[in-house]
1. Regarding LEU40, is this residue modelled with pLDDT of 85 or more, surrounded by 13 or more Cβ atoms within 10 Å (Cβ to Cβ) and not in a strand (DSSP E or B)?
2. Sort out which residues of the stretch 30-54 are more than 11 Å from the chain's Cα centre (by Cα) and under 14 Å from LEU16 (Cα atoms), and write them in order of number.
3. Which of the residues spanning the stretch 24-36 are closer than 23 Å to ALA11 by Cβ and part of a loop (DSSP other than H, G, I, E, B)?
4. Out of the residues in the stretch 22-37 that are under 20 Å from VAL74 (Cβ atoms), touching a Phe, Trp or Tyr at 6+ places or on another chain (Cβ under 8 Å) and surrounded by fewer than 16 Cβ atoms within 10 Å (Cβ to Cβ), state the one that is modelled with the highest pLDDT.
5. List pairs: first residue in the stretch 51-67 and under 14 Å from ALA11 (Cα atoms), second residue part of a strand (DSSP E or B) anywhere in the structure, Cβ distance under 7 angstrom, at least six positions apart or on different chains.
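The values are calculated or read from the model by the stated rules, or taken from the named source; none is laboratory data. On a predicted model such as this, the values are computed, not experimentally measured, just so you know. Glycine gets a Cβ as well: all are built from the backbone with ideal geometry, and neighbour counts include every protein chain shown.
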Amino acid sequence: MKARWNDNTAAPLHVLSWRVEREDGAVLLFGQERDFKRQLPVGRYKVEAKVRAEGDNPPLSARGTLVVMTRDAVIQQRLLAKK
């Protein structure tokens with residue numbers, strides 16, 4: 001997964017943290033890299049990325065559901081503004 005704006009011309013995001021948790025709570029992973037690279041078993045995961053744009057902008061949280069299948073992965077995301 002990668003944290004980025006939909007508009008590629010915007011300034012890059014600074015990732016404060018990643019949190020990936022399987023829906024039953026069995027797998028919990030953290031990270032702070034812009035690209036989150038982990039091998040995950042097949043299943044559904046809750047994903048949260050806390051990011052900050054350049055400057056004095058407040059942090060934002062992007063949350064979603066990641067579905068990992070045998071040959072593919074899909075994420076349904078939503079952006080939440082948080083201070």
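1. Yes, satisfied.
2. Hits for the stretch 30-54 are ARG52, ALA53, GLU54.
3. The answer is GLN32, GLU33, ARG34, PHE36.
4. LEU29
5. VAL51/HIS14; VAL51/VAL15; VAL51/LEU16; VAL51/LEU60; VAL51/ALA62; ARG52/HIS14; ARG52/LEU16
So that you can scan it fast, the table gives a plain yes or no per residue for (1) surrounded by fewer than 10 Cβ atoms within 10 Å (Cβ to Cβ); (2) modelled with pLDDT of 90 or more; (3) part of a strand (DSSP E or B); (4) hydrophobic (A, V, I, L, M, F, W, C):
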| residue | (1), (2), (3), (4) |
| --- | --- |
| PRO12 | no, no, no, no |
| TYR45 | no, yes, yes, no |
| LYS50 | no, yes, yes, no |
| VAL67 | no, yes, yes, yes |
